[in-house]
Amino acid sequence: MSFVSLLFIAFAMSTDAFAVAVARGATLKHPHFGRAFRTGVLFGSVEAISPLIGWLIGIGAASYIVKWDHWLAFGLLLALGLKMIHEGLQKPEEGEEADDKAKRSRVMMLLTAVATSIDAMAIGLGFAFIDVNIFEASLLIGLATLTMVTFGIMLGQRLGAMIGKRAELLGGLVLIMVGSVILREHLVGLA
């Protein structure tokens, strides 16, 4: 597989994480580049590791994973999206500690990163059957995702100022939409 093909695949793998990052950036009050970059590193790292895991699983479990990866991604993103919508509809709790809220936010971001990287794991399974340098492919996927997520959060911040308090609702809807698109693509592909 050529470098250009791998680059296109890498950016294609990062589009769902980009959509989530834009929604996340819209919910943040004052995101700065450092925070956006750290989130990009989180998503990029998870996205880079996923094809390696898929590649290592190899032929034995390929048919099982490919059958269920879209349902798993959809379920995780649906649950996270509904949680964001629920939180967006709630009034802020007065006694809520900032540290507790930040910890929950980090856990949610990690779960979101995992959910958006399941398709990269499936790509890794596919790479096990063709002549691809898996380390180069994983690195490109990780770097593309890091770039797209960092840019997405900074772009989302600008959008967040326009949509105000409803940004979390929008973020939840985007997560559900991304999960639905992943599910639809796989189901249509099976038909």
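Here, each number is a calculation from the coordinates, and none is a lab measurement. Only a predicted model underlies this, so the values are computations on that prediction, with no experimental measurement involved. Note that each Cβ is placed from the backbone with ideal geometry, even for glycine, and that neighbours are counted across all protein chains shown.
Evaluate E = 1/(1 + (r/R0)^6) for Ser2 and Lys83, where r is the Cβ-Cβ distance and R0 equals 35 Å; express this FRET efficiency to the nearest 0.05.
Computed FRET efficiency for Ser2 and Lys83: 0.30.
Could the peptides 174-186, 109-121 be put in order, highest first, of the mean number of other beta-carbon atoms found within 10 Å of their residues?
109-121, 174-186
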